[in-house]
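Worksheet: one structure, shown below.
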Amino acid sequence: MQKKPVWKRNLQVSTVSVFLAGIAFSEVTPFLSLYIDTLGKFSHQQLSFWSGIVFSAVYVVAALVSPIWGKLADKKGRKPMILRASLGMAVVFTCMGLAQNVWQLLFLRGMQGVFAGFISNSNALIAAETPKNKAGKALGIMSSATTGGQLLGPFAGGALSQAFSYRVTFFITGTLLFICFVLSVFFIHEDDFVPVKNGQRGNFKETVKEFKSGQLIIGLLLTTLIIQAANNSINPIVSLYVRSLMHNSGQVVFASGVIAALPGIATVAAASYFGGLGDRIGTHKIILAGLIGSIILFFLTAFVRNTAELGICRFLIGFTDACLFPQVQTMLTKHSPKQLTSRVFSWNQSAMYVGNIFGPLLGSTVSAHFGYSAVFLITSGIVVINLLLYRTNILKNIA
């Protein structure tokens, strides 16, 4: 019997791991603000303030440290970074369940950002170990697993916190991440790693010169940032938009949950297919189609008249999402020297975190001054800008 290639075994184990990690990272989201409320006596304004700060702390810290971990991954390997992230966050999430005040929780959320990078390093390892002509489909499978976990997480977190308590749910989350650590220790193998020596690791400008097209790489990083900002600009107002469409009556929370989940369902269903299609016809074409589709759908969403129309638009947005972030990762893989894969993925992770920070701020600000529909119109305009930048920085540099 022919032995299965190492890269296929890595893909299978990593798919399970990022699925569990996706659950772990998202299952505390539904009750994080409620947990903060149990850690002190807060006014409505104070609770909103602390919720925003505690939520954002992860992304701010992670954006700062990701390039550092990327350099270390180039020197020591992606597997050590996977083990660092999974074990570190297993400990941090467990400690969150022991927090006695909001300052301790804020510190631990910051530490979560320090140990971030499990999914990005798993993607980097798969990208580096997988044959180039299979990378698109492999990363599409990884993206589907991550998104599937992120979809299931809020439901699992809500059910667990209701059945047990907020603190016990943090302990369960820590356990899930420890399982990821154990799986990675015993079943992930990095056979094709060539360390980058100290003298070979220059600064950002020097590193960019090592690529065939530095403008293409920088353009892809900018594309990621704007994709994340556009997608996350919607998050703060989706449930409020649903409530307005339902005229403050009916099962608003349930409808909001369903509509919030629809894009992820479509992404899970389509990411692997679009990854494989990109391997055949060109990943840059898939991204182009995703950007054009996003522009149209965000624009149409501003004019929906009921939750059914909103649900259809959000479900279709999931297909455009499947054409974007995982395919950007694929293009970065195909246009980067193998020894710099981790560095590039860490840059991409930082760009994603920056988008995660600014997107919700944009959405909240626009909705406060111009209404919910304006958020979708502004977001459509942002994607138009992304399309123009993509045409200049990427399409003109495709060999």
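The values are calculated or read from the model by the stated rules, or taken from the named source; none is laboratory data. Treat the numbers as computed from the prediction; the structure is a model and nothing was measured. Ideal geometry is used to build each Cβ from the backbone, glycine not excepted, and the neighbour counts take in all protein chains shown. We work out accessible area using only protein heavy atoms, side chains counted, and drop any ligands, DNA or RNA first. Shrake-Rupley method; radii C 1.70, N 1.55, O 1.52, S 1.80 Å.
Taking each DSSP H run with n ≥ 4 as -39500 (n - 2.57) and averaging over every residue of the chain yields -27000 deg cm²/dmol at 222 nm.
What accessible area per residue comes out for the stretch 1-159, rounded to a whole number of Å², with a 1.4 Å probe?
Numbers: 6650 Å² over 159 residues.
Ligands and nucleic acids excluded, the figure is 42 Å² per residue.
Accessible area of S184, 1.4 Å probe, to the nearest 10 Å²? S184 exposes around 0 Å² with every protein chain in place.
Test of understanding: what is the full-extension gain from V182 to S33, defined as 0.36 nm times their sequence separation minus their Cα-Cα distance? Intermediate values should be presented prior to the final figure.
Working: separation 149, 0.36 × 149 = 53.64 nm, distance 3.06 nm.
So the extension gain works out to 50.6 nm.
What is the local net charge at R78, summed over the other residues whose Cβ is closer than 14 Å to its Cβ (Lys, Arg +1; Asp, Glu -1)? Walk me through the numbers before you get to the answer.
Working: positive: K71, K75, K76, K79, R84, K338, R343; negative: D74, E129, E190, D191, D192.
Result for the neighbourhood of R78: +2.
In angstrom, the C-alpha Rg and Dmax of the stretch 48-143 are 15.5, 51.
According to the Cα gyration tensor, what semi-axes, each the square root of 5 times an eigenvalue, does the equivalent ellipsoid of the chain have, listed from largest to smallest in whole Å?
On the way: eigenvalues 202, 145, 77 Å².
Whole-Å semi-axes of the equivalent ellipsoid: 32, 27, 20.
Of E129, E309, the residue with the largest accessible area leads and the full order is E309, E129 (1.4 Å probe).
Tell me the per residue accessible area of the stretch 223-344 using a 1.4 Å probe; a whole number in Å² is fine. Numbers along the way, then the final one.
Working: 4720 Å² over 122 residues.
With all protein chains present, the stretch 223-344 gives 39 Å² per residue.
Translational diffusion of the stretch 217-313 was estimated from the Stokes-Einstein equation, with Rh taken as the Kirkwood radius over Cα pairs; at 20 °C and 1.002 mPa s the coefficient is 142 µm²/s. For the options Q112, Q228, Q45, a Gaussian network treatment of the chain with springs between C-alpha atoms closer than 10 Å singles out Q45 as fluctuating the most. Distances between every pair of Cα atoms in the stretch 259-362, grouped in 10 Å steps from 0 to the bin holding the largest one, split as 15, 37, 36, 11, 2, 0 percent.
Rg and Dmax, both from the Cα atoms of the stretch 109-169 and both in Å, are 15.7, 47.
Apply 1/(1 + (r/R0)^6) to the Cβ-Cβ distance of I312 and S249, taking R0 = 22 Å, and write down the FRET efficiency to the nearest 0.05. Efficiency at R0 = 22 Å is approximately 0.55.
Counting only protein heavy atoms and a probe of 1.4 Å, the accessible surface of the chain is 67% carbon and sulfur. For the pair F49 and T365, label points projected 7 Å from Cα toward Cβ lie 2.0 nm apart. Among the protein heavy atoms, those of Y166 account for about 70 Å² of accessible surface (1.4 Å probe, every chain in place). Summarising the label geometry, the points placed 7 Å from Cα in the beta-carbon direction at I292 and F164 lie 4.9 nm from one another.
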